[in-house]
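Data block below; observations after.
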Amino acid sequence: MDGNQGPETAPADPAPANAVTVTDLAALLAVLPAPDSAAALIDEIRDLEDLKSAMAARQARHAVAFDLLQRREQARLGVPAEKLGAGVGAQIALARRESSARGGRLLGLAKALVTEMPHTLTALETGQLNEWRATLLVRETACLRAADRAAVDADLAPDSGALAGKGDRAIVAAARTAAYRRDPRSVTERAAHAATERHVSLRPAPDTMCHFTALLPVTAGVAVYKALTGHADTLRAAGDPRGRGQLMADALVERTTGTPGGISGVEIQLVITDRTLFQGDAEPARLPGYGTVPAAWARTLINPPPGGTGRADDPAFTLWLRRLYTHPGTGELVGMDSRARLFPPGHRRFIQTRDDTCRTPYCDAPIRHLDHIIPWHTGGLTTTDNAAGLCEACNHTKETPGWKARPAPGPRHTLELTTPTGHTYRSTAPPLPGTPLRPPATDQPGSQPGSRHRRQLRHQAKALRREKPKVAAAA
């Protein structure tokens with residue numbers, strides 16, 4: 001996503017005369033004069049924090065009311081009882097500019113606060129808790145029955161002083177203690193069930209790095225960490241110059257992949273412009289599944305220096321490079337059509353590269369399904385223009401009654417999503433390398449023709465010269 005998503009239309013009921021809307025309140029805050037003393041500034045910062053908490057409580061009440069209205073409407077339309085409420089969290093997510101998964105959690109938080117934890121909701125409304133700390137209380141009592149959860153809510157009521165001055169860890173500890181005291185069996189069963197949720201994940205980090213994370217039972221996590229630290233300490237004692245953290249990371253990669261350096265066969269779909277690849281242009285490239293990478297780093301990946309890590313002539317390192325080019329004016333990839341219902345493998349790679357992550361606004365989950373924007377059974381074609389990469393949850397949400405999607409005109413591939421309430425959101429495919437940020441600038445009046453082009457060539461030549469010494473040094 002590139003920030004162009006947002007509600008385009010919103011049906012509104014006429015407001016009573018002289019009523020103050022939330023929009024009016026936001027406009028009022030924007031023009032309020034700033035306090036003129038340090039003490040007054042701190043006072044207003046606190047007041048604004050209390051206002052944020054009150055707004056979060058109001059959002060929770062609205063979310064529960066909206067869920068009830070949607071369920072009634074779905075029941076009227078004949079939706080089966082087990083499917084009532086489908087898509088409600090996704091609509092809340094779009095309204096709050098969050099992912100669909102986050103919307104479901106926000107709706108669950110709202111239901112718990114409004115229906116089972118009135119004291120916590122009151123604390124949120126009065127500014128004694130913020131939304132995150134209210135979330136912690138809801139999370140730590142999720143395993144309890146409604147009656148026990150209400151009892152814990154009363155035990156930790158704001159007027160009891162149990163939460164006064166507490167930080168996140170202290171609040172979690174207090175909630176866990178109160179929950180265990182009420183129903184130790186449920187808390188124990190929850191801990192046992194947590195082991196089934198173990199998983200690993202990967203997310204980008206700055207400077208062409210990434211975070212590789214594992215959620216493990218505590219015994220397994222401690223054992224892995226102890227093994228890695230013991231291995232690192234042994235190598236350090238033997239004189240290895242690498243740092244302890246480096247040794248642990250390298251050992252993790254080698255033990256997991258079975259190969260020194262961890263790379264034995266990799267296909268990299270590197271999206272790069274020909275100017276960056278051959279002329280030393282500074283336009284960054286993109287690695288699908290990771291994100292933007294510097295131009296010089298991408299060139300080094302394709303043409304590694306002799307003797308460097310991952311050199312092309314190393315038999316332990318096999319690199320398949322799929323070069324994908326973009327239109328120089330629009331940044332669009334060029335696609336093909338198909339008469340089949342299922343997207344051919346080439347189309348699948350094309351769509352996954354173009355969309356990068358789920359195309360639902362505000363959702364950046366990995367693509368799991370390739371969806372016909374206009375459904376195939378209603379005449380939608382199997383083309384790249386009528387395709388969008390979606391995560392599994394968003395694809396299922398789109399199929400619920402009242403949701404509509406269609407391709408829309410835009411600078412790049414664009415789709416328009418309409419929710420059952422009539423709110424419309426637009427999603428534009430993220431810009432690929434080579435996409436102009438603005439129309440190409442022309443030479444200034446009075447300058448010689450082509451002077452801008454010559455300046456660009458000089459900049460590219462300098463970039464290439466700066467990279468050559470590194471290659472020579474590595475050789």
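Evaluate segment 376-387: report whether one residue or more is among the aromatic types (Phe, Trp, Tyr) and either touching a strand residue (DSSP E or B) at 6+ places or on another chain (Cβ under 6 Å) or modelled with pLDDT of 95 or more (or both). Taking every residue of segment 376-387 in turn, none turns out to be among the aromatic types (Phe, Trp, Tyr) and either touching a strand residue (DSSP E or B) at 6+ places or on another chain (Cβ under 6 Å) or modelled with pLDDT of 95 or more (or both). In segment 74-87, the residues that are part of a helix (DSSP H, G or I) form Cβ pairs under 9 Å with partners that are surrounded by 10 or more Cβ atoms within 10 Å (Cβ to Cβ) and among the basic types (Lys, Arg), at six or more places apart or across chains, as follows: 74/83.
Residues that are in contact (Cβ under 8 Å) with a residue 60 or more places away in the chain and surrounded by 12 or more Cβ atoms within 10 Å (Cβ to Cβ) do occur in segment 207-226, at least one of them. Residue 94 fulfils the conditions (1) open to solvent by 90 Å² or more (accessible area, probe 1.4 Å); (2) in contact with a strand residue (DSSP E or B) (Cβ under 7 Å, 6 or more places away or on another chain) except for a single criterion, (1). For segment 347-358, the criterion of being within 21 Å of residue 104 (Cα to Cα) and crowded, with 17+ Cβ neighbours inside 10 Å is satisfied by at least one residue. Summed over segment 165-198, the residues that are farther than 13 Å from residue 137 by Cα, open to solvent by less than 40 Å² (accessible area, probe 1.4 Å) and in a loop (DSSP other than H, G, I, E, B) give a count of 1. The set of residues in segment 371-402 being among the hydrophobic types (A, V, I, L, M, F, W, C) and either open to solvent by less than 30 Å² (accessible area, probe 1.4 Å) or part of a helix (DSSP H, G or I) (or both) consists of 373, 376, 387, 388, 390, 391, 393, 394. Pairs linking a residue in segment 17-45 that is closer than 16 Å to residue 55 by Cβ and assigned to a loop (DSSP other than H, G, I, E, B) to a residue that is open to solvent by 80 Å² or more (accessible area, probe 1.4 Å) and at pLDDT below 95, with Cβ atoms under 9 Å and 6 or more positions apart or on different chains, are 20/28.
The values are calculated or read from the model by the stated rules, or taken from the named source; none is laboratory data. Since we're looking at a predicted model, the values are computed, not measured. Backbone-built Cβ (ideal geometry, glycine too); neighbour counts: all protein chains shown. Side chains included, ligands, DNA and RNA excluded: accessible areas come from the protein's heavy atoms. Shrake-Rupley method; radii C 1.70, N 1.55, O 1.52, S 1.80 Å.
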